[in-house]
Every structure is written in C-alpha cells, then in structure tokens.
1. Over the chain, calculate the relative contact order: mean separation of alpha carbon pairs under 8 Å at least 6 apart, over the residue count, as a percent.
2. Averaging over every viewing direction, what projected area does the convex hull of the Cα atoms of the chain cover, in nm²?
3. Any idea what log10 I(q)/I(0) is at q = 0.10, 0.11, 0.17, 0.24 Å⁻¹ for region 22-114, Debye with uniform C-alpha scatterers and no solvent?
4. Grab the Cα-Cα distance for residue 130 and residue 236, subtract it from 0.36 nm times how many residues apart they are, and report the gain in nm with one decimal.
5. If you average 1/r across every pair of different Cα atoms in region 83-145 and take the reciprocal, what Kirkwood value do you get, in Å?
6. Add -39500 (n - 2.57) for each DSSP H run of 4 or more in the chain, then divide by its residues: what number comes out at 222 nm, to the nearest 500 deg cm²/dmol?
7. Based on alpha-carbon atoms only, what is the radius of gyration of region 53-185 relative to the globular estimate 2.2 N^0.38 Å?
8. Taking the Cα atoms only, what angle lies between the long axis of helix 13-45 and the longest principal axis of the chain, rounded to 10 degrees?
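The numbers here are math on the coordinates, done by the rules we state, and not lab data. Just so you know, these numbers come straight off a predicted model, no measurement behind them.
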C-alpha cells in the first residue's frame, strides 16, 4: 500500500540523492538556459542582416541536443582527454562529482534555441513607441530593458519558465549518456528519472518505479501551480492593464 511505498522512499538513500540531484539540476539549468536564450534573442532583434541564418543556427541544437548521439559527443568533450580537459588542464568533468552535473546542465543550456525563438517573437511584438518614449524621458538602455522589455515580455518569460521547468524535471538522456547509465560519479548525476529507470527496468521493481512516477507527476503539478500562483505578482498582460 501507500504506507509501504512511503517507508521504502524514506529508507532509500539513493532515492533522496536523486531528488536532491534533480532539484539542483533544475535550479542550475533552467535559469542559465533562459538567460542565454533572452540574451541571444535581444542580439538577434537588433540585427539587420543575417537574422534568419543565425536564428536557424541557434535553433539547431534544440533539434539535436536530446538525441543520444549528441549526448555521447558531449560526454567525450567533457571526459578525460576531451576538449575541456585540453583547454583547462583540470581533467574531465564527467569523472568529478562536483562537476559532472554541471556538464549535464550545460548540455541543456546549449539547447536554448526553442525558448530563444519564443523570446524573439515576443520582443518583436513590443511597440517601438514605448522605447522612444522611454528614451525621451532620458532612460538608459538598461533602464529601458528593466522598465519596458521585461514587463512587456513577462508573459513570454512565464511561458518559457513553465515549459522549461517541466522539461528539466523529466531530464534523462543527457544524464544517462554523460554518466554511461550509472548516474556517477558518486551518484552526482543520478537524476530522478534515471533512478526510476533503474528501479523499474534494471532491478525489475515496477511497483516502486510506478510510485516514483506518480510522485514526479504530483511534484511537477505542484511546482507548475506555484508558478501560476506567483505569476499574478510579476506577469503583466497589456490587454488587461496592471494586474
């Protein structure tokens, strides 16, 4: 029954390590990915030539990054003797408990193309008159960004935040490939879905894995509800006025 599964979760240290690892991954990957997507979208918005080419080039990793082949290439880049090792001389990140999860997160950050395209579409919908009025009032570029761009783009920021957060909680392929399916080193890349896979398809504890899946569903639903609840205080919809 439910009580038995709760007891099993409580007594399973690897389960709680997977929870902490996943939360850490979400906190690292989602803000970095959205920040990079917004910066690139702002740069593309100001371009007059080659915008279509660069937009397609930056979007391409979003089409390729979720595949196992790209994840394996990523593992080679961050492994001992890989590109990162040659450039930094610090050794491969995938073999260091303190750095392996960051390598996984950077693979997600590299797939910033989808939120970037959405940000770019939102930026193009902001009336130029607002920037002109702000400039006439003496607002600097940074002040225009904070007072015009961010409020007018807040619905798009909220949409990307919800979408990427949900996807981050379900991360599997990057962590599986980078850790060679083991969640190592020292369980530092053992994300929730990988441990769910281990319990269900490696150890054949399908009941345990099913319970984990339900917990993940509930957590994602709760986090999404919290994001919608808090959005009332910072998401601005121009058609409705200040909320």
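1. 26 percent
2. 16.5 nm²
3. Results for region 22-114 at q = 0.10, 0.11, 0.17, 0.24 Å⁻¹ read -0.31, -0.38, -0.82, -1.17.
4. 36.7 nm
5. Hydrodynamic radius (Kirkwood, Cα only) of region 83-145 equals 15.5 Å.
6. Computed mean residue ellipticity for the chain: -21500 deg cm²/dmol.
7. It is 1.36.
8. For 13-45 against the chain, the angle is about 20 degrees.
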